[in-house]
Structure formats: structure tokens, C-alpha cells
Amino acid sequence: MPGDWTENDAALAALVNLVVVLADNKYYLGRRLSEWVAGAPSLEEGVSAAAIVQEELGHARVLYPLLEELPFPHRPQPLEREQDRQRRYAVSYVDSPWPAWPHAVAALALIDTAITTMLEHLSGSSYEALARRVGRILHEESFHMAYAEGRVRSLCETEAGRRLLQEQVDVLLPEMLLWFGPPGEAGVEALRSEGLVAGDNEAWRQSYLGRVAPLLLEVGVRLPLGLQWDLAHRRWEWAELPWERWNRLQRRLEKAAVRQ
Amino acid sequence: MDRESFVERLRSGRLVEGPEHCPEDYIESLKRTLIVSADTELISVPAYFRAAQDAPNLNAYISAMGIIQDEMGHAHIAYRLLRDLGVDVESLVYDRDPRDFKHPYAFDVPLDSWTELVVANAFYDRAGFVLLKDIFLHTSYGPWKRALVKVNREETFHLRHGERWMSILAQDPQKREELQRAVDWMFVLTLEWFGLPDSLKRHKDQIDYGLKGKSNDQLRQEWMAATVPLCQKLGLKVPAHYDPDREEYVIDCPFPAEFDAENKRWNFEKGPITWDEVLQRWRARGPANRELVGQLQVGHRQLREALAA
Amino acid sequence: MGAQDMPTPAQVREALREVMDPELPVSIVDLGLVRGVEVRDDTVHVRLTFTSLGCPCTDVIKEDVQERLLLLPGVRRVEVEEVFEPWSVRDITPEGLITLRELGIT
């Protein structure tokens, strides 16, 4: 049973948006990764990728029905087939098929980990139906994380592989940093006030970087955007993010500036 | 050990556990059989994936990916057995010319829709099941026999998936026509899968060496015994029926026949053709051969090229 | 229809022992997927979890549960609810484990 927060329109709107963003990212990540099952560099990697695909899509499968139960007038349709809905609430990196395997490795390491970071801040949500699903999802994600780390390490065993991953990190990491939203985002404040989510935009981003940056540095991938650990303030610092191209409703990076 | 005492040992039910002490041609025959099986499982991955893009809903897509994962796992098992026999599996999978893959011709004909995919799950996976069950029951190679326990169990889910979806589609008037069209070209193509009739080919070596139990015609019968009643139950027409007097299934169309792969249709009006002509078509491979094998090799090849650059 | 015609939850569970996992020769009860059974009027309500959220067999298992329980006398409706409780090998019953061990799984 939803609690009092269902009366808070701002929180409800942000929650509907959050659910569809999480589900769409899982959905498209699963679809894109599925396109690399057959063509993975080894059979073992293909078999594991296929298992992850089913779980990502399974996570979307259990998140979408929440949209139907939330009492809000504008709820996006759940996706059954990829073209069901024109408006996508997923990062632009999963828009179309990836031309090469390192894209899949980058996506698993950077997108899946971002979603997981976000879910960790939802495991104690006052929206109980979401919290329950999140618990189960996080349980499965630990395997994805280990797999992604293994693929990153294996790709970076060679200079050529590392260069290919570097190119993708340069493209994808900025979008994922944007994905956590600008500091003090209004909808997020509403969610926080109702106990629907823990942490805030900046805390999520820091937590995310704390997880992905050390691995990248360890395998010799340079961090884009001048990202570095500020020892004095004990936080990650970076140069400007391209907020002008950030679509805050669909939470994705657009090719051209977005009118907000 | 000479061939005769080796064969005698196999007849007494002893399983071979490794390549040591085996006649050279036993190992070669085993390798050939394993490569056919491994290639068939592997090619089904891109073939099924292509058609899965047409899945009607998310759950259907997830099931298809589950099946694809199983098939890739089965391929992996068979290639691992080959590796243990000293085969360079990496080059076998990633360097081989698409035309040299040993999967049945049926997989070289592209599956284009969810309807064709579920018929493939019911027909092709049934053919695979019939063949693998025969190997499971009769193979003299212990490591393969043990691995097939898992393979056969997973294949039963694929059959169930295919038959369940065929029955769902059969209830929709529009899908029903599409289903019948798929059955029309895929039924005979699967009959062909079992190969030359016993009158033209004996498998003395394979049977002596315990790599095969039943003959091609017996296996074809077994496949029909499962598939013909399934189609009849769903009200789908197939060119075969059970003849109680002969106590076997009888094929009611010219067989083998000429196949127009581009249009997925049998030129039955031409009457039966010879198996030599069939073998010729098989050797020339079908329309999707290059595309499907290419998809299997692409990731490995890209990385290798990047390394060489 | 009187409630006395309806099966007890224990009888429902017994019937569910005949519903096998599509990929394993173990029933969904022995796999630990059944998380609750309630009988109300002519309706049986079953709470299920799956071995994974990405389980490819969810539709098939739900259908099999429906089909089997509708065979019980008095049952007119079957509601299958997917709960999202965690599942692990520890949820398999000793009988289920013995079967799986014999097959060399787990």
C-alpha cells in the first residue's frame, strides 16, 4: 500500500520518472548486449553475456509494472518490443547497435554500475513495492559487476584492447556522470523529503566514481574530463560537464543543446 | 590394440575415457561427429537470435535468449571435448571459412520471424534431440555421454517452448496462416536433416565404434513420430502420415525435392530429385551461411585485427 | 459453493509437487519457489518466486500452476502472484537436493 507520499505530486512525478528511467536503461542495455552474445570474442563470454541479458531484461520486466500501479496521470508505456514507444528514457549510448565488443564491455562497466549505484539508494525506499524488487535485483547484480570487471581486465591485457576501451570510456563516462543529475535537482529533493530515495545527486555521483574510477585507473585507462581524486576534500573532482546537452526528462545526452 | 579387439571391447559396454589406446580412425570418426554437433549448436545462436528480434513481447524475448544461452553452452561443451582430443578449437571456430562449418543445411536458410523461430524450436530442436538422445544412449565416448545429460534436459525446455508457442499462434487466424507457411518449408527441410536413406548409406564404422546407434531412416522415423502428431493436433497440414500396416510414417511428397531457398518453397511439381543433387545444394550452402557465421566470428576477429594493427 | 468443498493449503501444496521445473526433474515445491498458498472461496492464491528475475520459464511455470490447480475439486480460479523474495540453493528441499546431486547439478 502506497503511503502518504502519493499525495505529493512533485515526488510522484519524480518517482514515475525514476522508475521508467531505471527500467528503460535496463531494457535497452539488455537489448544491446544481446546483439553481442553470438559475436562475443569467446564462447564463455557469450554464454555469460546471454545470462546477463536475461537478467537485465528480467529486471525491466519487474520494474515496468510499477508504472501501472503509481497513481499519476502521465505514465510512459512499458516496453515489450523495442519500437513500442518513441520517447526513450535511456542513455544515448544504448540507442543503436554497438559496432564492436568493447562497447559492450564499457556499457557493462559504466552503465550497469550506474544503475546499480542508484538502486542501492533505493533499497530502503518508502515505496515498498520498489524496495522489494530492488533487493532482489541487487542480489543478481553482484555477478554482473564481477563479470564486467573481468571483461575490463581481460580487454586491457593488451595495449590495443586498452586503447579500444579508452575510446569508449571517453564517450560514455561523461554521459553517465550527467545521468545522476545536476546537484540539488528539484525532483530529487521531493523524493528525499518523502524517504523515497537515500542520498542526493552529488552523493550518488561520488559513490559511482568511487566504484568505477579505481578499476579504470588500475588497468591503465585515463579518466576523461580531468577527473581526479581531491585528496584534501576527499572527493572526485572534474572539469565542466556538458549540461547544455543534458535532457533532464529522459535523462540522456543529446547531440545538440537542449532547451530546458 | 587392433580394431577388432577394440570393437569387441566397445561391444561389451566399455566406455572410452580418453584418446589413449584408441585406433586413430576411432578418434577421427569421433571428432567428425563432435564437430557436426558443436557446429549445429553454435550456428543456432545467430540463427535464433536473428528471428528473436521479432519476439512479440519481453517475456518471449527473454525465453529466446535463455534458449540461445543454452545452445551456446552446448556448443561450448562439444568444442571443449574436441579441445581435449587435441583440436585447435579457437581456429576451428574463428578462422574457419563459413562454407566449412558442418551444421545442417537447414540453418543456412534464414529464420525471419517469431513464427519461424518457434517452429524451429519445435522441429530443429526435436531433430537435435532425437540425434543427441541416440548418441547419449549409444556413444562409447564416456565424457560425451556424461555431458549430454545436461544438454538433453535443456533441450526439453526448447521443445516445450516451441510447441507451446505453435499452439498459441495456431489459435490466431492470421498467425495460423503464417505458421502453416513456416511448417510447409521447414518440415521437409528437417526430414532432409537426417541425411541419406539407409539404402544409400550405411554407417558401419560409426555404429561399430558406438558413435551412433540408430540408422538415418530410423532417426527420421523417430522425429516424425513426435512431429506429425503435434502438427495434426494443432490442425496443421504436413506431407507425412502414419501407415498402420507398415507400422511406420510415410512421406507424402516427392522426397528428396528441389528447394528454392530464396523463396522458402519446395518445387514438388518437379518430382523427386536425387540425393546427389541434394548434396550439391548442401555443399553450395544456403543464403544465410556467410552472414550467420560472420556474426559468430566478428568480435574475435575485430580484437585480433586491433592487436595486429 | 461451500468452503468445505475446497482443498486445504496442504492439499494445494501436494498438487504443486506435480508441477516440475521445465529444465530440472524437480518440482517447484522442492525447488523452494512456492512462497505461500491461500484458499479463499473458490479461488486459490499462490505466491511464487523464481530462481532468477531473468528466468526464461516464468510464463510456462505460471501456466503449469494454473493448469494443475484447476484440476482440484472446487477450484474455479487460480491467482499466481510473483513475489520478489530472494532464492538460493539453500531453499531447495533435501529431496530436491538429492535428485540434483544424483544428476551432478549443484
Note: the stretch B:229-285, point scatterers on Cα, Debye, no solvent; log10 I/I(0) at q = 0.19 Å⁻¹ equals -0.84
Rounded to the nearest 10, the angle in degrees between the Cα long axis of helix A:9-34 and the longest principal axis of the Cα atoms of chain A comes to 30
Would you compute, from DSSP H runs of 4+ residues alone, the mean residue ellipticity of chain B at 222 nm, taking -39500 (n - 2.57) per run and dividing by the full residue count, rounded to the nearest 500? -22000 deg cm²/dmol
Dimensions in Å of the stretch B:4-59 - Rg and Dmax from alpha carbons: 19.1, 57
Could you let me know the centre-to-centre spacing of the stretch B:29-75 and the stretch A:196-245, using Cα atoms, in angstrom? 40
Other chains near B:144-151: what is the mean number of their Cβ atoms within 10 Å of each residue's Cβ? 1
Sort B:253-260, C:91-98, B:17-24 by packing, meaning the average of other beta carbons within 10 Å per residue, with the highest value first. B:253-260, C:91-98, B:17-24
Taking 0.36 nm per residue of sequence separation and subtracting the Cα-Cα distance, how much length would be gained by fully extending the chain between A:D95 and A:R75, in nm to one decimal? 5.1 nm
Rounded to two decimals, what is Rg over Rh for the protein assembly as shown when you use alpha-carbon atoms and the Kirkwood radius? 1.00
Can you grab the distance from the C-alpha centre of the stretch A:115-173 to the C-alpha centre of the stretch A:5-51, Å, no decimals? 11
Only Cα pairs under 8 Å and at least 6 apart count here; give the relative contact order of the stretch C:5-89 as a rounded whole percent. 34
For chain A, longest principal axis from Cα atoms; helix A:43-69 axis from its Cα atoms; angle between them, nearest 10 degrees, is 10
Of the listed links B:K214/B:K270; B:K201/B:K270; B:K145/B:K214; B:K31/B:K102; B:K133/B:K237; B:K145/B:K212, those spanning more than 23 angstrom between alpha carbons are B:K214/B:K270; B:K201/B:K270; B:K133/B:K237
How well do other chains shield peptide A:152-159, expressed as the mean number of their Cβ atoms within 10 Å of each residue Cβ? 1
Determine the percent antiparallel among the DSSP beta bridges restricted to the protein assembly as shown, to the nearest 5. 70
For the stretch B:194-309, fraction of C-alpha pairs farther apart than 20 Å, in %: 63
What's the angle, to the nearest 10 degrees (0 to 90), between helix A:128-155's Cα axis and the longest principal axis of chain A? 10
Here FRET efficiency (C-beta to C-beta, B:D88 to A:A146, R₀ 51 Å, nearest 0.05) is 0.95
Spherically averaged projected area in nm², based on the convex hull that wraps the Cα atoms of the stretch A:51-134: 6.5
How big is the Rg/Rh ratio for the stretch A:99-211, C-alpha atoms only, Rh by Kirkwood, two decimals? 1.04
If I model a spin label at C:I105 and A:S193 as a point 7 Å from the Cα along the Cα→Cβ vector, what separation in nanometres do I get? 5.2
Mean ellipticity per residue at 222 nm, deg cm²/dmol - from DSSP H runs of n ≥ 4 across chain A, formula -39500 (n - 2.57): -18500 deg cm²/dmol
Quick check: pseudo-label points 7 Å beyond the Cα along Cα→Cβ at B:K201 and A:Q206, how many nm apart are they? 6.9
Using amide H atoms built in the peptide plane, which far-off residues or other-chain residues are under 5 Å from A:R235 H to H? A:D230
Neighbouring partner chain Cβ atoms per residue of B:301-307, average, 10 Å criterion: 5
Measuring from label point to label point, each 7 Å out along Cα→Cβ, what is the B:V250 to C:L72 span in nm? 5.0
Taking the mean number of other Cβ atoms within 10 Å as a proxy for protection, how do you rank B:76-85, B:290-299, C:50-59 from highest to lowest? C:50-59, B:290-299, B:76-85
Let me check I've understood the local charge: for C:T58, count other residues with C-beta under 10 angstrom from its C-beta, Lys and Arg +1, Asp and Glu -1. What total comes out? -1
Over the Cα atoms of the stretch B:3-308 the radius of gyration and the largest Cα-Cα distance (Dmax), both in Å, equal 19.6, 66
Using the Kirkwood radius over Cα pairs of the stretch C:3-102, the Stokes-Einstein translational diffusion coefficient at 37 °C and 0.692 mPa s, in µm²/s and rounded to a whole number, is 239
Chain A - Rg over Rh from alpha carbon coordinates, Kirkwood radius: 0.95
Could you rank the peptides A:155-162, A:15-22, C:28-35, B:38-45 by their average count of other C-beta atoms within 10 Å per residue, with the highest value first? B:38-45, A:15-22, C:28-35, A:155-162
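The numbers here are math on the coordinates, done by the rules we state, and not lab data. Everything numeric here is computed off the predicted structure, so don't read it as measured data. FYI the Cβ positions are ideal-geometry reconstructions off the backbone, even for glycines, and counts take in every protein chain you see.
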